[in-house]
Amino acid sequence: EVADPLLWWPAGQGAQPLYDLSVELHQSPTNPAVDRWHRRIGLRSIALDRHPDQWGESFQFVVNGRAIFVKGANWIPVHSFVAALTRKDYERDLRAAVAANMNCVRLWGGGIYESDDFYDVCDELGLLLWHDFMFACTLYPHDDAFAESVAVEVEQQVARIRHHACLMLWCGNNEVHSCNSAALNEPAAREGYEKIFHTLIPDVLARVDDRTPYWPSSEWHGDFNGGLSEGEKRGDTHYWDVWHARKPVSDYERWHLRFCSEFGMQSYASAETMESFSPDSDRNLFGASSENHQKNPFGNQIILDYVTRRYGYPRDQDALIYLSQLNQAYCMEVAVEHYRRNRPRCMGAIYWQLNDCWPAASWSSIEHNGRWKALHYAARRFFAPLIVSARVIGDERQGKGNYRDSTYTGAVELHTVNDTPALVKARLHWELLRLDGRKVVSGSKSVVMEAGSASLQTALDFSRELLRHGRERLMLRHALRVDGRLVSEDTAFFAQPRFVELPQAPVSVDIQKLDALHAKLVVTSAAYQHRLFIDFRGIGHHADDNFIDVHAKEKVEILVTLDRPATAGTLHRALRLQSLATAQ
């Protein structure tokens, strides 16, 4: 019995109390215990809710009776050599996930069943766990001997993990059917696949864990022939047309998926991470060392393709690294905000991927050494519990004769999202600014955000202003304040940034040491700086915010934690700055 029991909640929804449960086995009441079992458990209910609705069938997780929008990233092994991993290794990246306002990680089926430390930390942090069984991408045998091996594997791992409060879903495999759709049209192969993932595993779960929901595969729409249009109706989807098919980033908004459990964009790791594996003689991103650390055959070409569609030609290799990370963050922001705006039709966004198993160019938002990329800082903003999201209507592409084909008209929708369990009253602000900082038009309104809701709050028309000033010379600043406190802010353009006439101006960074390991940075600029990146080369550190917008003559404060003591003078000498205006 638990006195005054408290519910366990996912991160952002409530607390994560855990209770010690001990069970002793006695042959008789008077005999000593012959076996003891001790675990920490959380008191909660989790269900996968799939009910008919106006769009088809819902795909949402309900925790303690409350529908939760799942916000997270895919988890791969934290190292290529896993035997020596400790709790500290898991904590670093899982704590970073919570710091970025995530409430879920998906343990990918191409990895490993993790150590007990991993599951314990997820329990403590409130990270829901979508848990694939370890089958991925390829067809597996289905003879009786192999099936028996699978049954033993599933029973042993489920018995070890099933008590964890974080566990929200067992999933049969990663992409086995979607990667082998042609082969699975053959009856024997289809029968063998269904034997393992539609019969055997559910049968084992019925015996050893009949409480946790099961889903046969990720992605899965309920049949073997379902494409993206089916993903708009039911199930979970892996959306890779942006990246693999090189579709425009705006294509994320083309599809109204029920739950997107994979989508991603690669970027390069930082120069410091690159230097950890490449000799001085081979620091080129297209050199032998870097190519060996790029495991997508067309990865470098695809990165360059997307970078140069949106940004100008990079000034040097450091600028290319910076722009690749900026592009990755932008792509994920477009996708996630679209999915969140479409709540409750869409109830989950899990991007690919959170972490790296070695230093490399990849889809991760955290580098192998724990360094945050631009994406992870952006995730703190686009996964925040309360956000304002601007949908700038239109797009810009290269047309016939390489002329710019723009469909931007000046129409903008401002949406708000509230993932908290409480009604929130806020003030929505917007300003249309010239790039030199002069205000063209502004406005604000009071908004009421119901608990667990997404709402279109206002539709704006800046068509006259675009005609008068030119779409390359304007930007929209939008913000959300609760009781005067800023909770969400961003800046949007009306043209691809490579055509935006960003002003050049020096940036001032005042470094104020707080103690041996902490410093406060006060950042100012005479002109707008887009996604300013602040770095201390050669000094291990973590900034609580980075890749920030700095508006003209406004102060931005950043807290930096150092790996080891350093003086203010040492930090000044190591300071490196990069913004969009200096990178292209």
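The values are calculated or read from the model by the stated rules, or taken from the named source; none is laboratory data. All figures in this text were calculated on a predicted structure; none of them were measured in a lab. FYI the Cβ positions are ideal-geometry reconstructions off the backbone, even for glycines, and counts take in every protein chain you see. Remember, those area values only see protein heavy atoms, side chains included, never the ligands or the DNA or RNA. Shrake-Rupley method; radii C 1.70, N 1.55, O 1.52, S 1.80 Å.
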Looking at (1) over 17 Å from residue 490 (Cα atoms); (2) open to solvent by 50 Å² or more (accessible area, probe 1.4 Å), which is the one condition that is false for residue 434?
-> (1)
Taking region 272-306, which residues are in a helix (DSSP H, G or I) and touching a strand residue (DSSP E or B) at 6+ places or on another chain (Cβ under 9 Å)?
-> 272, 299, 303
Apart from one, (1) open to solvent by less than 30 Å² (accessible area, probe 1.4 Å); (2) closer than 30 Å to residue 104 by Cβ; (3) not in a helix (DSSP H, G or I) all hold for residue 247; the odd one out is (1)
For the subset of region 251-284 comprising residues that are among the polar types (S, T, N, Q) and crowded, with 16+ Cβ neighbours inside 10 Å, which member is nearest to residue 341 (Cα to Cα)?
-> 261
Restricting the first residue to region 333-344 and requiring it to be under 17 Å from residue 491 (Cα atoms), which pairs with a second residue that is part of a loop (DSSP other than H, G, I, E, B) meet a Cβ separation below 7 Å and a spacing of at least six or different chains?
-> 335/263; 336/383
Kindly establish whether residue 534 is closer than 24 Å to residue 314 by Cβ, within 25 Å of the chain's Cα centre (by Cα) and surrounded by 12 or more Cβ atoms within 10 Å (Cβ to Cβ).
-> yes
Count of region 222-238 residues which are closer than 23 Å to residue 253 by Cβ and open to solvent by 10 Å² or more (accessible area, probe 1.4 Å) = 9
Within region 323-348, the count of residues that are open to solvent by 10 Å² or more (accessible area, probe 1.4 Å) and either part of a loop (DSSP other than H, G, I, E, B) or farther than 29 Å from residue 231 by Cα (or both) comes to 4
Strands (runs of 3 or more DSSP E) (entirely within region 489-557) containing at least 3 residues that are touching a residue at least 24 places away in the same chain (Cβ under 8 Å) = 507-515, 518-525, 529-536, 548-550
List, please: which pairs have Cβ atoms under 6 Å, are six or more places apart or on different chains, and start with a residue in region 59-82 that is over 16 Å from residue 128 (Cα atoms) and end with one that is surrounded by 23 or more Cβ atoms within 10 Å (Cβ to Cβ) and of a type outside the set (Lys, Arg)?
-> 78/355
Test set (1) among the small types (Gly, Ala, Ser); (2) modelled with pLDDT of 95 or more; (3) on the phi > 0 side of the Ramachandran plot - residue 222 fails condition number = (2)
Which condition number in (1) under 30 Å from residue 62 (Cα atoms); (2) over 20 Å from the mean Cα position of the chain (by Cα) is the one that residue 311 fails?
-> (1)
Where residues in region 81-113 are among the hydroxyl-bearing types (Ser, Thr, Tyr) and part of a loop (DSSP other than H, G, I, E, B), which of them is surrounded by the most Cβ atoms within 10 Å (Cβ to Cβ)?
-> 113
Can you tell me which residue within region 165-195, out of those that are part of a helix (DSSP H, G or I) and within 31 Å of the chain's Cα centre (by Cα), is farthest from residue 210 (Cα to Cα)?
-> 179
Consider only pairs whose beta carbons are under 7 Å apart and that are at least six residues apart or on different chains; among these, list those whose first residue lies in region 116-140 and is outside any loop (DSSP other than H, G, I, E, B) and whose second residue is among the acidic types (Asp, Glu) and open to solvent by 10 Å² or more (accessible area, probe 1.4 Å).
-> 121/91; 136/175
Tally, over region 570-580, of residues that are assigned to a helix (DSSP H, G or I) and open to solvent by 30 Å² or more (accessible area, probe 1.4 Å) = 3
Kindly check whether there is at least one residue in region 399-410 that is over 25 Å from the mean Cα position of the chain (by Cα), more than 29 Å from residue 469 (Cβ to Cβ) and β-branched (Val, Ile, Thr).
-> no
